[in-house]
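Only one structure is covered here, and it is reproduced in the block below.
The values are calculated or read from the model by the stated rules, or taken from the named source; none is laboratory data. Bear in mind that the values here come from a model prediction, so they are computed numbers and not experimental data. Backbone-built Cβ (ideal geometry, glycine too); neighbour counts: all protein chains shown.
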Amino acid sequence: MLRAAAPAALAILVRTTGDFDGSEDAMQDALVAAATQWPDDPPQNPRAWLVAVARRRYVEQVRADVARRRREERAFGLEPPGGRGLEASDTLSEASDVDDSLALLVLCAHPAVARPSQVALTLRAVGGLTTAEIARALFVPEKTIGQRISRAKARIRAAGATFDPPADRAELADRLATVFTVLAVIYTEGHTASSGESLVRVDLSSEAIRLTRMLRQATPVDASWRAEVDGLLALMLLTEARRPARLRAGAGTGAFPMPELVPLAEQDRSLWDASLVAEGVALVEGALGTGHPGPFQLQAAIAAVHDEAQSTDATDWREILALYDLLRVVGPGPMVELGRVVAVAMVHGPDAGLHALESVALEPALAGHFRVHAVRGHLLERAERPDDARTSFATAASLALNAAERRYLEAKAAALSH
């Protein structure tokens with residue numbers, strides 16, 4: 001409830017104050033209060049509650065700032081400058097029935113801000129991700145992410161950016177490219193949390209799907225970016241469809257054994273959500289029909305091939321490899337290359353996959369990433385090199401920050417010790 005209400009509440013506050021930093025500080029105070037009060041007394045309208053509490057905190061802060069400035073001005077014999085200050089904060093709209101989340105997404109993607117900083121700021125403001133989570137998702141040092149967020153806020157403030165969407169469609173399309181990336185990262189963090197005990201964070205994945213549905217509904221059918229919106233939503237739905245089969249009851253001791261991760265190849269596909277698969281396939285087929293596939297359409301197409309197959313062995317891996325070859329041109333990235341390695345191995349054998357992995361593992365963004373070692377372990381196991389595979393799985397487990405993934409990798413290493 002808190003996760004779903006916070007981004008929209010922040011958007012309302014930013015729109016009505018025009019002060020990104022002050023609004024975010026006030027909202028953080030409201031979230032702390034909510035975490036304390038809501039368990040015993042949940043509000044009927046969480047968004048309105050957050051807006052009201054954050055508004056009061058913002059007004060208090062503005063009044064304190066005004067009083068401080070006046071004391072300084074009197075001390076130096078200066079006249080108070082004009083400005084909106086407290087007056088603006090006293091007329092804050094409490095239109096909590098309006099969801100400004102999409103407007104906040106577009107605002108964070110303002111052209112005055114460099115693309116990497118746009119993504120970092122939006123993930124923080126709209127996604128609610130921590131600096132550490134953003135750093136892991138983007139393969140960037142945590143300190144760098146903090147600097148990007150600070151610079152982005154300063155540039156948006158200096159540019160006098162407003163909530164009004166850009167009139168120029170080309171500028172809007174450029175901003176939406178950032179929005180797509182942000183929504184995909186939010187969903188990915190929800191689907192597989194980068195750290196912690198739980199494999200999934202349903203609050204994040206659900207919010208990403210909700211926002212993407214809103215974006216699709218607001219997108220004209222003739223917009224140049226409509227197909228990519230459809231592709232992004234399709235990717236989320238086709239991935240979300242598998243969630244019921246990704247965990248199984250653990251076999252450990254104790255009253256509450258930890259759930260175990262189930263890899264795609266071992267999942268009971270009858271547990272997949274058929275309605276989400278059907279919706280996702282229909283979306284991606286319609287999007288690809290436009291003839292200009294973007295990166296999210298291609299990723300959705302790969303997901304559709306997986307979801308429509310009856311088993312891993314029945315999967316059309318040649319089609320998946322062909323889609324990855326297109327994707328590495330249209331939307332290159334380290335995880336794209338790593339996914340392609342798996343497809344190469346499934347088509348041409350594990351030795352070919354291991355050869356392809358050698359160059360991919362040299363990517364600076366993948367240095368020290370557990371997934372490189374996990375993929376190597378799977379390929380070595382298929383190549384009937386159990387000792388080497390065990391070493392790779394053990395290394396991957398030592399680097400994994402998510403407990404469910406770490407337990408899975410430790411179990412793989414242990415099984416190869418027998």
Worksheet item: For the subset of region 201-218 comprising residues that are surrounded by 17 or more Cβ atoms within 10 Å (Cβ to Cβ) and β-branched (Val, Ile, Thr), which member is nearest to Ser398 (Cα to Cα)?
Response: Ile209
Worksheet item: Quick check: is even one residue across region 218-226 under 30 Å from Leu104 (Cα atoms), free of Cβ contacts under 8 Å to residues at least 24 places away in the same chain, in contact with a helix residue (DSSP H, G or I) (Cβ under 6 Å, 6 or more places away or on another chain) and not acidic (Asp, Glu)?
Response: yes
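If you go through region 214-243 one residue at a time, how many are among the polar types (S, T, N, Q), part of a helix (DSSP H, G or I) and at pLDDT below 95?
In the first step, residues of region 214-243 are kept if they are among the polar types (S, T, N, Q); the result is 217, 219, 224, 239.
Applying the additional criterion that residues be part of a helix (DSSP H, G or I) yields 217, 239.
Remaining after also requiring at pLDDT below 95: 217.
Residues meeting the conditions: 1.
Condition (residue is more than 24 Å from the chain's Cα centre (by Cα) and at pLDDT 85 or above) applied to region 27-35: is it met by at least one residue?
The first filter runs over region 27-35 and keeps only residues more than 24 Å from the chain's Cα centre (by Cα), leaving 33.
Now drop any that are not at pLDDT 85 or above, which leaves 33.
Yes: region 27-35 contains one or more residues that are more than 24 Å from the chain's Cα centre (by Cα) and at pLDDT 85 or above.
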Response to the item:
Every listed condition ((1) in a helix (DSSP H, G or I); (2) closer than 21 Å to Leu261 by Cα; (3) free of Cβ contacts under 8 Å to residues at least 40 places away in the same chain) holds for Ala404 save (3)
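Quick check on my filter: what residues within region 348-358 are assigned to a helix (DSSP H, G or I) and within 13 Å of Arg382 (Cα to Cα)? Reasoning before the result, please.
As a first pass, look at region 348-358 and keep what is assigned to a helix (DSSP H, G or I): 348, 350-358.
Within region 348-358, His348, Pro350, Asp351, Ala352, Gly353, Leu354 meet the criteria.
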Response to the item:
Within region 347-370, the count of residues that are closer than 15 Å to Leu138 by Cβ, surrounded by 13 or more Cβ atoms within 10 Å (Cβ to Cβ) and more than 21 Å from the chain's Cα centre (by Cα) comes to 1
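Can you tell me which of Ala245, Ala241 is surrounded by 15 or more Cβ atoms within 10 Å (Cβ to Cβ), under 21 Å from Ser206 (Cα atoms), free of Cβ contacts under 8 Å to residues at least 60 places away in the same chain and among the small types (Gly, Ala, Ser)? Break it down stepwise before answering.
Values: Ala241 fails: free of Cβ contacts under 8 Å to residues at least 60 places away in the same chain.
Just a single option satisfies the conditions, and that option is Ala245.
From the list Gly190, Gly286, Gly231, which one is small (Gly, Ala, Ser) and surrounded by fewer than 21 Cβ atoms within 10 Å (Cβ to Cβ)? Break it down into steps so the answer makes sense when it comes.
Values: Gly190 fails: surrounded by fewer than 21 Cβ atoms within 10 Å (Cβ to Cβ); Gly231 fails: surrounded by fewer than 21 Cβ atoms within 10 Å (Cβ to Cβ).
None of the other options fit; the residue is Gly286.
Can you confirm whether region 393-401 contains a residue that is modelled with pLDDT under 95 and in contact with a helix residue (DSSP H, G or I) (Cβ under 9 Å, 6 or more places away or on another chain)?
Going residue by residue through region 393-401, those that are modelled with pLDDT under 95 are 401.
Of the ones still in play, those that are also in contact with a helix residue (DSSP H, G or I) (Cβ under 9 Å, 6 or more places away or on another chain) are 401.
Looking through region 393-401, at least one residue is modelled with pLDDT under 95 and in contact with a helix residue (DSSP H, G or I) (Cβ under 9 Å, 6 or more places away or on another chain).
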Discussion item. Can you say whether Leu327 is touching a Pro at 6+ places or on another chain (Cβ under 7 Å) and either of a type outside the set (Gly, Ala, Ser) or under 25 Å from Ala389 (Cβ atoms) (or both), as far as the supplied structure shows?
Written reply: yes
Practice prompt. With the condition kept exactly as written, say whether any residue in region 276-298 is within 30 Å of Ala400 (Cα to Cα), more than 21 Å from the chain's Cα centre (by Cα), not assigned by TED's automatic domain parsing to the domain that holds His191 and not in a helix (DSSP H, G or I).
Written response: no
Response to the item:
Just one listed residue, out of Leu78, Leu10, is within 29 Å of Ala159 (Cβ to Cβ), modelled with pLDDT under 65 and either assigned by TED's automatic domain parsing to the domain that holds Ala159 or not hydroxyl-bearing (Ser, Thr, Tyr) (or both), and it is Leu78
Discussion item. Name the residue that is surrounded by the fewest Cβ atoms within 10 Å (Cβ to Cβ), counting only residues in region 149-181 that are of a type in the set (Val, Ile, Thr) and out of contact with any Cys (no Cβ under 8 Å at 6 or more places or on another chain).
Written reply: Thr162
